[in-house]
Each structure stands twice: as C-alpha cells, then as structure tokens.
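What follows draws every value from the coordinates through simple rules; no lab data is involved. It should be emphasised that the depicted structure is a prediction, and the values quoted were computed from it without experimental measurement. Neighbour counts run over all protein chains shown; Cβ positions are idealised from the backbone, glycine included.
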Amino acid sequence: MTKHLTLRTRTTTAGPVIEIAGDLDYDTADKVRAALPGLGLRPGQQLVLDLAGLSFCDSSGITVLIAARNHALAAGASITLAAVPDRVSRVFRIVGLAQVFPTHPTAAAAEAAWRPTGG
C-alpha cells in the first residue's frame, strides 16, 4: 500500500500555514522538511501546522514537527499546531509535545490568537 501525504501551503496575515494531510511517517516526513526553507518566515510571524487531515504520525513525523519548530524559532517566528486529531493529540501528550507546541482547534483560531512579536 502506497502511503500518501499532501501538503498545501498558504499565507495569512499571521504567516504561513502548512496543511498536512495523510500519513506523516518515515516515508513522507522529508516532504514536510523540504517545504520549510521555502516558507519565507520572517521575525514575529507565526507558522501554523494545520493537522486536520492527518491520519497517522509516527516518530519520524514527530521529529519533523520538531524540525519545523526549530526552523520557526531560528527565523524569530513562533509555531502552533491547529486541528490536532484526537489520536495524534494523545500521542503528543504521552511523549511530552503537548508542552512544546501551542495548539488551537482550527487554523483560523490560531491566526486570530496571533500577536506579532519582536521583528
């Protein structure tokens, strides 16, 4: 069975949003990692990872989410997760990521909560 991951990137007032749908795992994590440098994140912006369509996330997926966080912080930006599915949220709590990533119920809520910093 072929694993499938789709990424859609869009820009909002707060900053870039990456919509991740499908399986985020060893076979697909590099697709997310490869998208990070092209985002053009600026200091004070917010990177939103919209996980509404995420069906599976393994340790490689978690690693690439941490890489996205490091990328955002290195750019002077913040990062937040949106629409984290319950089954993924449970894993995040178990491994301690719930304390690392702010989360919002939707990407729109994340954008609404954004406040420019620094810059």
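Before moving on, here are some points about what is shown:
- Only DSSP H runs of four or more residues enter the estimate; each adds -39500 (n - 2.57), and after division by the residues of the chain the mean residue ellipticity at 222 nm equals -10000 deg cm²/dmol.
- For a modelled paramagnetic label at Thr63, 7 Å from Cα along Cα-to-Cβ, the residues of the stretch 22-53 in reach, with backbone nitrogen under 20 Å, are 22-37.
- Counted charge near Val48, where neighbours are those whose Cβ lies closer than 11 Å (Asp, Glu -1; Lys, Arg +1): -2
- Between Asp58, Asp23, Asp50, the residue with the greatest mean-square fluctuation in the GNM of the chain (Cα pairs under 10 Å linked by springs) is Asp58.
- Taken over the C-alpha atoms, the chain has Rg and Dmax values of 13.2, 46 angstrom.
- What the phi angles of the stretch 15-28 give under the Karplus curve with 6.51, -1.76 and 1.60, with θ = phi - 60°, is a coupling list of x, x, 10, 10, 8, 10, 10, x, 9, 9, 8, 3, 6, 10 Hz, glycine and proline written as x.
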